[in-house]
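Structure, as structure tokens:
None of the figures in this text is laboratory data; all of them are computed from the coordinates on show. Note that the coordinates shown come from a computational prediction; the quantities given were computed from them, not determined experimentally. Please note: Cβ atoms are built from the backbone with ideal geometry, for glycine as well, and neighbour counts cover all protein chains shown.
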Amino acid sequence: MRARVRSAASERRRKSILDAALACFLERGVAATTTEQIRDRSGASIGSIYHHFGDKEGIAGALYLEGIRSYQDGFLRVLARHREARPGIEGAVRYHLRWVEENPERARYLFAVREPQMVGSVRAEVRELNRRFYRAVEGWVTPHMQAGTLRSVAADLLQALWFGPAQHFARLWLAGVAPSGLARAGRLLPEAAWQALRGVDRRR
């Protein structure tokens with residue numbers, strides 16, 4: 001019982017450090033943020049910060065890793081719910097926009113990340129996450145390409161056609177210069193992605 005209480009308290013402390021760091025990084029940038037500023041904002045001790053993350057770069061890497069994991073896990077759950085091509089393609093675009101809307105600070109941070117400063121400490125973990133993610137996406141996409149319901153294109157072109165417009169719009173929205181709003185984008189952009197990727201089967 002005591003071990004569970006200590007574990008829960010430790011997790012709350014870890015989260016408070018990450019939340020404080022995210023706010024500081026978005027306000028000042030990673031390079032300009034100091035460990036002392038994170039300590040003051042989180043209420044954690046320097047010892048607690050170093051216990052959980054090692055240093056400021058460790059915090060930056062952990063934030064990046066958790067943001068990527070959250071996004072990818074949700075994305076794959078969307079694909080797993082859809083066997084047919086069109087609902088999966090459109091559902092993934094809607095998920096992308098919804099995730100940005102629900103996690104604007106995380107999204108801003110992920111869009112701002114530049115290696116090696118922010119993710120150097122977790123590079124191997126990020127690489128493994130991405131490997132598993134893209135392998136899972138490929139496993140969903142390939143049968144639809146083979147069946148002709150999706151265009152057969154290289155992975156980089158698939159990503160651009162699928163998420164290029166949604167990614168661009170999300171950046172505009174996060175910058176406060178998207179008067180159309182995410183709701184309207186959520187109605188238009190999934191259909192645009194499907195039209196860009198649909199294959200020879202015109203019945204779908």
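Things to note:
- Long-range amide H partners of Arg198 with built H, under 5 Å: Arg151
- Length, then width, then depth: along the principal axes, the Cα atoms of the stretch 1-54 run 41, 17, 15 Å.
- Tilt relative to the chain, helix 155-174 - C-alpha long axis, 0 to 90 degrees, to 10: 60
- Inter-part distance, the stretch 124-203 to the stretch 51-99, computed on C-alpha centroids, equals 14 Å.
- Nearest 10 degrees, 0 to 90: helix 123-147 Cα axis against the chain principal axis: 10
- Nearest-0.05 FRET efficiency for Arg127 and Ser180, computed from C-beta distance (R0 35 Å): 0.45
- Estimated distance in nm for a label pair at Asp40 and Glu11, the labels positioned 7 Å out from Cα along Cα-to-Cβ: 3.1
- Taking all Cα pairs closer than 8 Å and separated by 6 or more residues, the relative contact order of the chain comes to 23 percent.
- For the stretch 17-111: relative contact order, % (alpha-carbon pairs under 8 angstrom, 6 or more apart): 30
- Three principal axis extents of the chain based on alpha-carbon atoms, in descending order, are 61, 41, 33 Å.
- Here's the picture: charge each Lys and Arg Cβ at +1 and each Asp and Glu Cβ at -1 in the stretch 1-54, and of Gln37, His52, Leu18 the one pushed furthest to the positive end of that dipole is His52.
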